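Engineer: Shown below is the structure under consideration.
The values are calculated or read from the model by the stated rules, or taken from the named source; none is laboratory data. Everything quoted here is computed from the prediction, not taken from an experiment. All Cβ positions, glycine included, derive from the backbone under ideal geometry; neighbour counts span all protein chains shown.
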Amino acid sequence: MKRTLGVCYYPEHWPEPVWSEDATRMAEVGITWVRIGEFAWSRLEAQPGVLTFDWLDRAIEVLGSQGLKVILGTPTATPPRWMVDKHPDMLAVDAQGRPRGFGSRRHYDFSHLGYREECRRIVRLLAERYGKNPHVAAWQTDNEYDCHDTTLSYSPTALKGFQDWLAQRYQSPDALNRAWGNVFWSMEYDEFSQIGLPILTVTESNHPHQLAFRRYSSDQVVAFNKVQVDEIRKHTDAPIAHNYMGRITTFDHWKVGADLDIASWDSYPIGFLSDRIENSDARKLKFLRQGDPDNQAFHHDLYRAVGRGRWWVMEQQPGPVNWAPWNPAPLPGMARLWAWEAFAHGAECVSYFRWRQAPFAQEQMHAGLLRPDSVPAPAYAEAQQVAWELADMPDVQRGKAHVALVFDYESAWAWDVQPQGRDFEFWRLAFAAYRACRRLGLNVDILPPDCADLSGYKLVLAPGLMRLSDPLRAALATFEGIALVGPRTDTKSDELSIPVPLGPDLPDCDVQVVLAESLPPNAKVKLQGGGRFRHWFEHLEGSATVHMSTKDGHPAIMGNDHIRYLAGWPDDDTFDRIIGYHCDILDIPTMTLPDGLRIRDTDTHRFVFNYAPDSQDWNGTSIPAAGVHWEPLE
């Protein structure tokens, strides 16, 4: 499929005579796709039932007349003021019991069925009007589910929905009491209507109670999204996407993605560096204007999997953003590098946010391809350069990966509600494993937790899975490579209780976790031959072979020829060593890359990306800071 560029545009923000000039300039830059409409509900329906589509008709026609393809967003992330007046209980409620008010965006509760029906109605009207429009070539549902911590709502609506959900899941209060261990502390219930939301208790709420609420809340996101998808599909065959975010685990993206055609995500590397990625102060300073060298790639690979091979970047940072604690400008060249890295990971489209910087409201400090006065901003020329390069570059397909990483949202919820150590987080553990692979120059595929086929891989990493699904367990039983699972994998039931016999239950591999300890930042477990565990260490027993030991003789890795259990969370150097050791066994080529230099192999080319703030050498080629180099694979 041809790789293309896009841009996010808001015709309702600009005088109508400007639209034609903007569309002409977009086409001249090399833009193919234009996303519109996702925040325009108040201009589409200023009062209940008073619909005004004529301006959107004209905007779509203006864009289409220049050969641009429109991605039409549903406007449900920003319900207008009259909607809140009509449904005052649609507002989400925070964990302190406070309603989240009108005046910004995402002011709705996913579980509110009245608002859900309002969304069905406006999406149906849009789909009826534009489903066959030749210029509307793709759709986007809502915008950035969970942005501003909006998956979890503790409203009366959510309480009633949660109680109904529990009744369907458990069928009887007795079954729920047994599953949750409610005999502990006399927490037993006689009726589902007695069960509250897991907040504002004297000490922490029961862990399976919290986990159940996470599952319920995720299901509400899935149902909310499906309502919109079902309405759109009645009227068009155009693909439907949602724009996910970075480092968001509060809902199950695999389940949302099952109803969509394309997964997209919003990539803000510099904002994420200061806001969402753990790094030392020195490292954050080094990559201040580039972003973490592995964060974008991780999400590219994750959303490629969520989209079952089809994925886009719906919003690509072009300059300073407005929402991070600090908002520096990218190094010259980064808007080009980020785009090419996405294409190397298989993106069909990279869409810059936004076309023109807004001179008003909350995002006026967020840069675009144009300044507020319509003069090109620095990323304008870089986007144009990428378009020229795409025209000269043959289509590249996703390169083969010998390594796979299993990623599971339920496990993220489990360790959020029962971390057992202040710095234990599933996302961080999975990302640490992924980073080690990147430092070794490896392509990585990310797999869902119910993956039933591992035959295309040599090395599979499964860190921190609360439990192994039946399909994955069966796949591991016949896997001919090496699966490195753990730490903390398959050591709990799906209700967060300790199973007896003790886990993990690994196929033909006698290993049990008999004790788990979390470690403060200043404590490490040293390994024989060098290396250390941090954050987490498990004591193992069993008859399986010990493949690595701690310095004081405890098993660090136990297993057989094809499945091995990792008993701790390695530091970065140790993760490199462990994964590199297993790659050597499996004849997977690795390399030691300079800090900030990263590679990605496609089916025909090797791409080299320099995230470092200075030039670096690659096989005799000097790659400048923020530089991209590609060469044919032999």
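Engineer: Considering only the range 87-109, how many residues are surrounded by fewer than 16 Cβ atoms within 10 Å (Cβ to Cβ) and within 25 Å of the chain's Cα centre (by Cα)?
Structural biologist: 3
Engineer: A follow-up question, please. Within the range 135-183, how many residues are acidic (Asp, Glu), surrounded by fewer than 16 Cβ atoms within 10 Å (Cβ to Cβ) and not in a helix (DSSP H, G or I)?
Structural biologist: 1
Engineer: For the range 205-294, give me every one of the helices (runs of 4 or more DSSP H) that falls completely inside it and has 1 or more residues that are of a type in the set (S, T, N, Q), out of contact with any Leu (no Cβ under 6 Å at 6 or more places or on another chain) and over 16 Å from residue 140 (Cβ atoms). Even if it seems obvious, please write down each step before you answer.
Structural biologist: On the way: elements: 207-233, 253-257, 269-275, 281-286.
Helices (runs of 4 or more DSSP H) meeting the threshold: 207-233, 269-275.
Engineer: If you go through the range 110-134, how many residues are surrounded by 22 or more Cβ atoms within 10 Å (Cβ to Cβ), out of contact with any Phe, Trp or Tyr (no Cβ under 6 Å at 6 or more places or on another chain) and assigned to a loop (DSSP other than H, G, I, E, B)?
Structural biologist: Count: 2.
To keep it simple, each residue is scored yes or no on (1) more than 30 Å from residue 232 (Cα to Cα); (2) in contact with a Lys or Arg (Cβ under 8 Å, 6 or more places away or on another chain).
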site: 150; (1), (2): no, yes
site: 158; (1), (2): no, no
site: 167; (1), (2): yes, no
site: 185; (1), (2): yes, no
site: 199; (1), (2): yes, no
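Engineer: Can you name every residue in the range 311-363 that is small (Gly, Ala, Ser) and either closer than 16 Å to residue 628 by Cβ or in contact with a strand residue (DSSP E or B) (Cβ under 7 Å, 6 or more places away or on another chain) (or both)?
Structural biologist: If the condition is that a residue be small (Gly, Ala, Ser) and either closer than 16 Å to residue 628 by Cβ or in contact with a strand residue (DSSP E or B) (Cβ under 7 Å, 6 or more places away or on another chain) (or both), then 333, 335, 339, 342, 344, 346, 347, 351 are the ones that fit.
Engineer: I'd like to know if the range 410-421 contains one or more residues that are buried (at least 23 other Cβ atoms within 10 Å of the Cβ), of a type outside the set (A, V, I, L, M), under 22 Å from the mean Cα position of the chain (by Cα) and part of a loop (DSSP other than H, G, I, E, B).
Structural biologist: Looking through the range 410-421, none of the residues is buried (at least 23 other Cβ atoms within 10 Å of the Cβ), of a type outside the set (A, V, I, L, M), under 22 Å from the mean Cα position of the chain (by Cα) and part of a loop (DSSP other than H, G, I, E, B).
Engineer: For the range 110-127, does any single residue satisfy the condition of being under 19 Å from residue 245 (Cβ atoms) and assigned by TED's automatic domain parsing to the domain that holds residue 57? Explain how you work it out, then say what you get.
Structural biologist: Of the range 110-127, the ones under 19 Å from residue 245 (Cβ atoms) are 110.
Then drop every residue that is not assigned by TED's automatic domain parsing to the domain that holds residue 57, which leaves 110.
Scanning the range 110-127 turns up at least one residue that is under 19 Å from residue 245 (Cβ atoms) and assigned by TED's automatic domain parsing to the domain that holds residue 57.
Engineer: Kindly list the number of the only condition in (1) modelled with pLDDT of 95 or more; (2) out of contact with any Lys or Arg (no Cβ under 9 Å at 6 or more places or on another chain) that fails for residue 392.
Structural biologist: Condition (1) is where residue 392 drops out.
Engineer: Going through the range 241-260 one residue at a time, which ones are surrounded by fewer than 24 Cβ atoms within 10 Å (Cβ to Cβ) and under 14 Å from residue 313 (Cα atoms)?
Structural biologist: 245, 246, listed by residue number.
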